[in-house]
1. Just to be sure I understand, how many residues within the stretch 56-81 are in contact with a Phe, Trp or Tyr (Cβ under 7 Å, 6 or more places away or on another chain), more than 11 Å from PHE28 (Cα to Cα) and in a strand (DSSP E or B)?
2. Which one of these is touching a Gly at 6+ places or on another chain (Cβ under 6 Å) and of a type in the set (Phe, Trp, Tyr): PHE220, PHE243, PHE235, PHE205?
3. Checking TYR277 against (1) within 30 Å of SER176 (Cα to Cα); (2) in contact with a Gly (Cβ under 9 Å, 6 or more places away or on another chain); (3) surrounded by 14 or more Cβ atoms within 10 Å (Cβ to Cβ), only one condition comes out false. Which one?
4. Give the residues of the stretch 306-359 that are in contact (Cβ under 8 Å) with a residue 60 or more places away in the chain and either outside any strand (DSSP E or B) or of a type in the set (A, V, I, L, M) (or both), sorted by residue number.
5. I want to confirm something. Restricting to the stretch 182-214 and keeping residues that are of a type in the set (A, V, I, L, M) and at pLDDT below 95, which single residue is farthest from the chain's Cα centre (by Cα)?
6. How about the stretch 117-129: which of its residues are surrounded by fewer than 14 Cβ atoms within 10 Å (Cβ to Cβ) and out of contact with any Phe, Trp or Tyr (no Cβ under 9 Å at 6 or more places or on another chain)?
7. Identify all residues within the stretch 180-200 that are under 23 Å from ASP127 (Cβ atoms) and of a type outside the set (Phe, Trp, Tyr); write none if there are none.
8. I'd like the full set of residues that are more than 19 Å from ALA314 (Cβ to Cβ) and surrounded by 13 or more Cβ atoms within 10 Å (Cβ to Cβ), limited to the stretch 245-261.
Amino acid sequence: MKKSVIALAVSSLALAGVAQAASQENTFYVGANAGWASFHDGIKDITDPAEKTGVYKNSVTYGVFGGYQILNNGTTGLAAELAYDDFGTLKLRDSQNKKDGETTAKMTNHGTTLSVKGSVKVVEGLDLYGRVGAALVRSDYKNDKSNTQRNTWEREQHSLHVSPVFAAGVEYNLPSLPQLAARLEYKWVNNVGRYEDANGKREDFRPDIGSVNLGVSYRFGQETAPQIITKNFTFSSDVLFAFAKADLKPAAAQALDSAKTEIDALGNVTSVQVNGYTDRIGSEKSNVRLSQRRAETVANYLLSKGMNRDVLSAAGYGEANPVTGKTCDKVKGRKAVIACLAPDRRVEIQVQGTKQVSM
């Protein structure tokens, strides 16, 4: 059946939200990272120039992490993170050319880090952040079993020691994917390990580990900023009302009920504005009065169907904003002019609402 709504204009605008790299408040996130680590400080203490031994101090590093976003006010954020990392491996070689020769011994390091992460927004979707915390690091000192002629470590052992951790980086979030973020970070683990010789004497060998890491995280419970949705309906007054009258025709209910159903489907409706218009026939004063009565009649009908009174308003604009423009200026005869000006006799309903989208 042909719609009784002569003209129906529908538009919607979805503003996806201001993307913030930090997770939203009171949400959890998990992630993984990988990178390149380098050992510093104290390295020369375990090399022997006379025996032409050397150290290969660069290594792959990787880990997983999880966090809880305590604060995010749109500009600054605060989170707590728990991570487990392989911090890297220090390899001792039987050549001073560190990339040549065989590995005679190694020091491996892995452990758990608890840290606090503070962030500040630079631009939409991009944050600078810093982390500070402590890592419980297990360091293992192992000699190469195949090389029995040289034992770098007097005795194989492991240590469990707490080391300070400092990190700084940038984090980026795609506006279209609020649940995903990428981060690039430089991390420093200070004074790793605690080695003791065969007599139980602690040696002055506690290297620092610096690393560059690239990570990605998934954030739970993220929401976009509310979608702002607008919907416009235009009804011919000839369908809703008799000529020069403000009482609804019986057929008007079907058109208005259909519009009410679409309005309800929008979700959280914040504004429903009903605007009445007439043609230019008659005095301006009477046309404004008629258009106001018609707008109020439509508003009262929507109110009777359960529309929230707080969001509903009605206004009459008389012959203002004509749709026909000058197209009817040369039309002759009253009936012909009335028919030509039909598009100007209308009621418009402008609806605005919001919809929250959870990820």
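The values are calculated or read from the model by the stated rules, or taken from the named source; none is laboratory data. What you see is a predicted model; the values in this text were computed from it and never measured. Cβ atoms come from the backbone with ideal geometry, glycine included; neighbour counts cover every protein chain shown.
1. 5
2. Going through PHE220, PHE243, PHE235, PHE205 in turn, just one is touching a Gly at 6+ places or on another chain (Cβ under 6 Å) and of a type in the set (Phe, Trp, Tyr): PHE205.
3. Single failed check for TYR277: (1).
4. ILE338, LEU341, ALA342, PRO343, ASP344, ARG345, VAL347, ILE349, VAL351, GLN356, VAL357, MET359, listed by residue number.
5. Selected residue: ALA198.
6. Within the stretch 117-129, VAL122, VAL123, GLU124 qualify.
7. Within the stretch 180-200, LEU180, ALA181, ALA182, ARG183, LEU184, GLU185, LYS187, VAL189 qualify.
8. Across the stretch 245-261, the qualifying residues are GLN254, SER258.
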